[in-house]
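To keep things clear, I will list the structure first and then write my remarks on it.
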Amino acid sequence: MLNNLKRTFSELFGQESQRTFFAPGRVNLIGEHIDYNGGLVMPCAVTYGTYLLTAPNKDGVFRFSSVNFEETYETPLQKAYSKTGKEWFNYPLGVIHNFVSDQKDIQGLDLLFYGDLPIGAGLSSSASVEVVMAYALNTIFNAGYTKLDLVKLTKRVENEFIGVNSGIMDQFAVTFGEKNKALKLDCESLEYQAVECDLADNLLAIINTNKPRKLAESKYNERVSECAEALEALQTELDIENLCDIDGDTFQKHKQLIKNPTVQNRAQHVIEENDRVQLAAAALAAHRLSEFGQLMFASHQSLQSLYEVSGIELDTIVSFCKTYSGVTGARMTGAGFGGCAIALVNKDKFEHFSKSISEYYTEKIGYAPSVYSSEIGTGVVELT
Ligand code: GLA
């Protein structure tokens with residue numbers, strides 16, 4: 001595969017690529033819509049992701065090409081950039097923008113991207129592109145950022161350049177992911193522990209709804225502001241900085257401060273989900289996988305009924321999983337509104353599971369899902 005990419009690079013740019021970088025996508029095992037509320041999440045990197053081949057050019061321009069998209073883009077090195085349309089190259093362009101705003105000395109590059117992640121399916125294809133670009137620039141031009149700086153810089157691309165008010169989980173997982181480990185990350189302090197992810201006889205299945213995601217960004221931003229509204233209401237009596245500063249019991253005692261019932265539901269999800277991550281991390285560490293699985297189902301239920309970011313497609317997948325004897329736990333992962341679900345599936349049953357869920361889903365929804373098995377991989381690297 002890399003040889004093919006190298007060949008494509010030479011054909012496109014008339015020179016050989018010099019360096020190759022890779023950043024993965026991620027799944028979140030549990031802790032959904034928590035990161036922008038200062039709580040705990042448990043993502044891990046997958047082995048699918050974005051490859052970036054690059055070489056400097058003498059023309060002082062950035063030339064963007066992708067194997068996945070037809071559109072290409074070329075722009076000279078300048079002091080600032082702004083988003084142009086909705087095309088894919090805005091993600092790496094936003095990264096360049098932040099490097100030049102920080103007055104980093106960078107120069108023109110020919111860039112070829114290839115992703116084997118399903119795009120826009122909730123597996124952080126965008127964070128993967130942002131992080132691979134930032135890591136490449138930092139390495140090639142010795143820009144001096146730490147990995148944590150790169151996480152923050154790429155999150156700013158998403159928030160300020162692209163316009164999605166997302167939290168820090170995706171960029172963090174894509175950067176710091178460790179093989180066979182889940183990251184138990186505190187999104188307020190940014191401290192994390194890499195927790196051994198022993199799935200026993202199970203594998204991690206990813207089931208893509210293949211639902212076209214419309215309005216996902218605006219609904220996402222709507223949830224972010226609902227959480228801000230809930231926090232403000234609670235702060236009239238509680239001395240807290242984030243929704244996740246309190247637990248479920250404290251919430252029950254003060255929830256009447258939030259007058260809007262929908263906003264109250266949003267807060268309940270966030271606070272109880274944060275409690276679930278604590279329990280899930282303990283269950284995983286103690287090899288109590290069936291408890292971990294039950295917490296995944298409970299998480300999904302809450303995202304469905306309280307947070308309302310699921311949908312018929314994701315619910316169909318998870319309800320199938322509940323009745324399938326080889327599944328220990330399942331839930332939607334990522335922002336929701338379509339995208340992917342994950343499931344812990346008995347290895348020996350995976351093939352049968354994959355076939356059965358595809359049939360069931362296709363009959364209910366009218367088109368097929370995609371089912372993958374995934375390993376837990378490492379964060380961003382240069383491939384040598
Ligand atoms: C998206 C965002 C993340 C996080 C999840 C939901 O993936 O980019 O920051 O909020 O949704 O948990």
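In the stretch 163-196, what residues are among the polar types (S, T, N, Q) and outside any strand (DSSP E or B)?
Asn165, Ser166, Gln171, Thr175, Asn180, Ser189
Each row is one residue, and each column tells you yes or no for (1) open to solvent by 60 Å² or more (accessible area, probe 1.4 Å); (2) in the same structural domain as Ile246 (by TED's automatic domain parsing); (3) within 12 Å of the ligand (Cβ to nearest atom); (4) touching a Lys or Arg at 6+ places or on another chain (Cβ under 8 Å).
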site: Leu117; (1), (2), (3), (4): no, no, no, no
site: Val132; (1), (2), (3), (4): no, no, no, no
site: Phe161; (1), (2), (3), (4): no, no, no, yes
site: Val174; (1), (2), (3), (4): no, no, yes, yes
site: Glu178; (1), (2), (3), (4): yes, no, no, no
site: Cys187; (1), (2), (3), (4): no, no, yes, no
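Just one of the numbered conditions (1) of a type in the set (Ser, Thr, Tyr); (2) farther than 30 Å from Ser325 by Cα; (3) open to solvent by less than 50 Å² (accessible area, probe 1.4 Å) is not true of Tyr192; which one?
Among (1) of a type in the set (Ser, Thr, Tyr); (2) farther than 30 Å from Ser325 by Cα; (3) open to solvent by less than 50 Å² (accessible area, probe 1.4 Å), the lone unmet condition for Tyr192 is (3).
Quick grid of which residues meet (1) under 23 Å from the mean Cα position of the chain (by Cα); (2) open to solvent by less than 20 Å² (accessible area, probe 1.4 Å); (3) in the same structural domain as Asn37 (by TED's automatic domain parsing):
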site: Leu238; (1), (2), (3): no, no, no
site: Val263; (1), (2), (3): no, yes, no
site: Ile271; (1), (2), (3): yes, yes, no
site: Arg276; (1), (2), (3): yes, no, no
site: Arg288; (1), (2), (3): no, no, no
site: Gly293; (1), (2), (3): yes, yes, no
site: Ser302; (1), (2), (3): yes, yes, no
site: Val309; (1), (2), (3): yes, yes, no
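Test Glu32 against the criterion of being within 16 Å of the ligand (Cβ to nearest atom) and acidic (Asp, Glu), and give yes or no.
Spelling it out, Glu32 is indeed within 16 Å of the ligand (Cβ to nearest atom) and acidic (Asp, Glu).
Need at least 3 residues that are within 30 Å of Ser225 (Cβ to Cβ) per element, so show me which strands (runs of 3 or more DSSP E) inside the stretch 283-384 make the cut, counting only ones lying wholly within it.
By residue number, 327-333, 340-346.
List the strands (runs of 3 or more DSSP E) that sit entirely inside the stretch 1-109 and contain at least 1 residues that are open to solvent by less than 60 Å² (accessible area, probe 1.4 Å) and of a type in the set (Gly, Ala, Ser).
Fully inside the stretch 1-109 and qualifying: 19-28, 43-56, 61-66.
Take the conditions outside the structural domain of Cys44 (by TED's automatic domain parsing), hydroxyl-bearing (Ser, Thr, Tyr), over 24 Å from Leu183 (Cα atoms) and open to solvent by less than 20 Å² (accessible area, probe 1.4 Å) and apply them to Thr333. Does it pass?
Against the criterion (outside the structural domain of Cys44 (by TED's automatic domain parsing), hydroxyl-bearing (Ser, Thr, Tyr), over 24 Å from Leu183 (Cα atoms) and open to solvent by less than 20 Å² (accessible area, probe 1.4 Å)), Thr333 does not qualify.
Of the numbered conditions (1) within 16 Å of the ligand (Cβ to nearest atom); (2) touching a residue at least 40 places away in the same chain (Cβ under 8 Å), Ile96 fails exactly one; give the number of that condition.
Against the list (1) within 16 Å of the ligand (Cβ to nearest atom); (2) touching a residue at least 40 places away in the same chain (Cβ under 8 Å), Ile96 comes up short only on (1).
Given the conditions (1) within 28 Å of Asp245 (Cβ to Cβ); (2) within 16 Å of the ligand (Cβ to nearest atom), which single one is not true for Arg288?
Just one mismatch for Arg288, condition (2).
Given the conditions (1) out of contact with any helix residue (DSSP H, G or I) (no Cβ under 7 Å at 6 or more places or on another chain); (2) of a type outside the set (A, V, I, L, M, F, W, C); (3) closer than 16 Å to Val95 by Cβ, and given that Asn138 satisfies all but one, which numbered condition is not satisfied?
(1)
Could you say which residue among Leu238, Leu203, Leu234, Leu199 is more than 21 Å from Ala335 (Cα to Cα) and in a helix (DSSP H, G or I)?
Step by step, each of Leu238, Leu203, Leu234, Leu199 is checked, and only Leu234 is more than 21 Å from Ala335 (Cα to Cα) and in a helix (DSSP H, G or I).
Of these, Lys253, Lys347, which one is touching a strand residue (DSSP E or B) at 6+ places or on another chain (Cβ under 6 Å), open to solvent by 10 Å² or more (accessible area, probe 1.4 Å) and more than 16 Å from the ligand (Cβ to nearest atom)?
Just a single option satisfies the conditions, and that option is Lys347.
Which one is surrounded by the fewest Cβ atoms within 10 Å (Cβ to Cβ) among residues in the stretch 119-130 that are within 12 Å of the ligand (Cβ to nearest atom) and not in a loop (DSSP other than H, G, I, E, B)?
Ser125
Taking the condition of being in contact with a Phe, Trp or Tyr (Cβ under 9 Å, 6 or more places away or on another chain), surrounded by fewer than 21 Cβ atoms within 10 Å (Cβ to Cβ) and aromatic (Phe, Trp, Tyr), how many residues in the stretch 350-375 meet it?
3
So if I check each of Thr378, Thr323, Thr384, Thr328, which one is closer than 30 Å to Ile140 by Cα, at pLDDT 95 or above and either away from the ligand (no atom under 16 Å from the Cβ) or open to solvent by 10 Å² or more (accessible area, probe 1.4 Å) (or both)?
None of the other options fit; the residue is Thr378.
When both residues are 6+ apart or on different chains and their Cβ atoms are under 8 Å apart, which pairs have a first residue that lies in the stretch 329-351 and is within 18 Å of Glu273 (Cβ to Cβ), and a second that is within 14 Å of the ligand (Cβ to nearest atom) and of a type in the set (Lys, Arg)?
Partner pairs satisfying both residue conditions: Phe337/Arg213; Phe337/Lys219; Gly339/Arg213; Ala341/Arg331; Ile342/Arg331.
The values are calculated or read from the model by the stated rules, or taken from the named source; none is laboratory data. Just so it is clear, the structure is predicted and the values come from calculations on it, not from any experiment. Glycine also receives a Cβ, built like all others from the backbone with ideal geometry; neighbour counts cover every protein chain displayed. The area values use the complete protein model at the heavy-atom level, side chains included, leaving out ligands, DNA and RNA. Shrake-Rupley method; radii C 1.70, N 1.55, O 1.52, S 1.80 Å.
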